Structures are given as structure tokens and as C-alpha cells.
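Here is the structure we will look at.
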Amino acid sequence: MLHNSNNRRGFTLVEILAVLVILATLAAIVLPNVVGSTERANKVSAVTQISSLSTALQRFEVDMGYFPSRLQDLVTEPKGSGKWHGPYLDSIPKDPWQNEYTYECPGKHNPKKFDISSKGPKGEGGASTIGNWVDADSNK
């Protein structure tokens, strides 16, 4: 004997709405933390890349006796150099926000050396600038 069971019950609209409210609340709590940690990771990455660029520039200076006028000289030999033992980098990286790093030699902040900086997450510079003269703790 087969019984056709019509006792199956679905979810009510109130139950579905309650679950949606709970999910929305959890998303509101979790998403800012995820976005914030991504931004911190990008800033740490920029500081690390600037440190790598600084090391390559110092190696260039040891070989050549001066700092290059442009970052590209770390990758390709400048004309008439003679002492160049590069490449000092495989390529010039972009910052984590896909912008070019700014290089000045002599630097405004480091007049005896150079300044390397990223304009930060918004690409506007100012308070969001990350550079080799900025205290690393202020970029966290």
C-alpha cells in the first residue's frame, strides 16, 4: 500500500527572512575585516618592494660610483657605463595598485641618496604616500 504523504512542510517566508538577516549581519561584520587586511597586505608589499629597489640601487652605486638617473638603469646597461655589473633587477615592479614607483635622485627627503615612493592605494600621494623616508610603522 502506497501512501501519498502531503505532510512535507517548506520554509515560511519569516524563516527565510530571518536567515537572510543573519547572513547580512555576518557579512557586515566580516567584510570590513577582509578589506582592511588586504589593504594592510598591499602596504606591506609596497614597503618590501621599495626595500628591494633600494638594495638594487645601492648595488648599482657600489659598482658605478653613483646612483642611476632612472630605475630602468637597474635592468638595462646605461650607455658608456663600463663598470655596470647588472642587471640588478629582472624588471622594475609596479606597486601593489599597479602604478609606477616614483624615483628621484638626489631625493628631497634623502638628499645624499634617493627617494623611492608609491602614491598609495588611491594613487594620490599625500598622506597615503609610502616611501623609503616614511617610518614603516606609519604605513600599517
Q) Mind listing the phi-derived Karplus ³J(HN,Hα) values for region 113-120, rounded to whole Hz, using 6.51, -1.76 and 1.60 with θ = phi - 60°, and x for any glycine or proline? A) 10, 8, 10, 10, 8, 10, 7, x
Q: Compute the Rg/Rh shape ratio of region 25-73: radius of gyration over Kirkwood radius, all on alpha-carbon atoms.
A: 1.38
Q: Mind checking which of 20, 105, 74 is farthest towards the positive end of the chain's charge dipole, using Cβ charges of +1 (Lys, Arg) and -1 (Asp, Glu) about the Cα centre?
A: 20
**Q.** Degrees separating the helix 13-64 axis from the principal Cα axis of the chain, which is the longest one
**A.** 10
(Q) Please give the charge dipole size of region 15-139, origin at the Cα centre, charges +1 on K and R Cβ atoms and -1 on D and E Cβ atoms. Round to the nearest 20 debye. (A) 300
Q. Say R0 is 41 Å: what FRET efficiency, to the nearest 0.05, do residue 52 and residue 30 get from their beta-carbon distance?
A. 0.80
Q) So what's the chain giving for Rg/Rh, alpha carbon basis, Kirkwood Rh from the mean inverse pair distance? A) 1.42
Q: Measure off 7 Å from each Cα along the Cα-to-Cβ vector at residue 18 and residue 79, then give the distance between these two points in nanometres to one decimal.
A: 7.8
Q: Would you work out the charge dipole size for region 12-77 about its Cα centre, treating the Cβ of every Lys and Arg as +1 and the Cβ of every Asp and Glu as -1, and quote it to the nearest 20 debye?
A: 160
Q | Helical contribution to [θ] at 222 nm, DSSP H n ≥ 4, -39,500 (n - 2.57), averaged over the chain, rounded to 500 | A | -14000 deg cm²/dmol
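For 84, 97, which order do you get if you count the other beta carbons within 10 Å of each Cβ and list the fewest first?
So the ranking, lowest neighbour count to highest, is 97, 84.
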Q: Pull up all non-local amide H partners of residue 113: gap of 5 or more, or a different chain, and H-to-H distance under 5 Å with H placed in the peptide plane.
A: 107
Q. Under a point spin-label approximation (7 Å from Cα along Cα-to-Cβ), what is the residue 90-residue 127 distance to one decimal in nm?
A. 3.8
Q: Pairs to check: 43/79; 79/119; 83/113. Give those whose C-alpha atoms are more than 27 Å from each other in this structure.
A: 43/79; 79/119
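Only the coordinates and a few stated rules stand behind these numbers; no lab work does. This is a predicted model, so every value here is computed, not measured. Backbone-built Cβ (ideal geometry, glycine too); neighbour counts: all protein chains shown.
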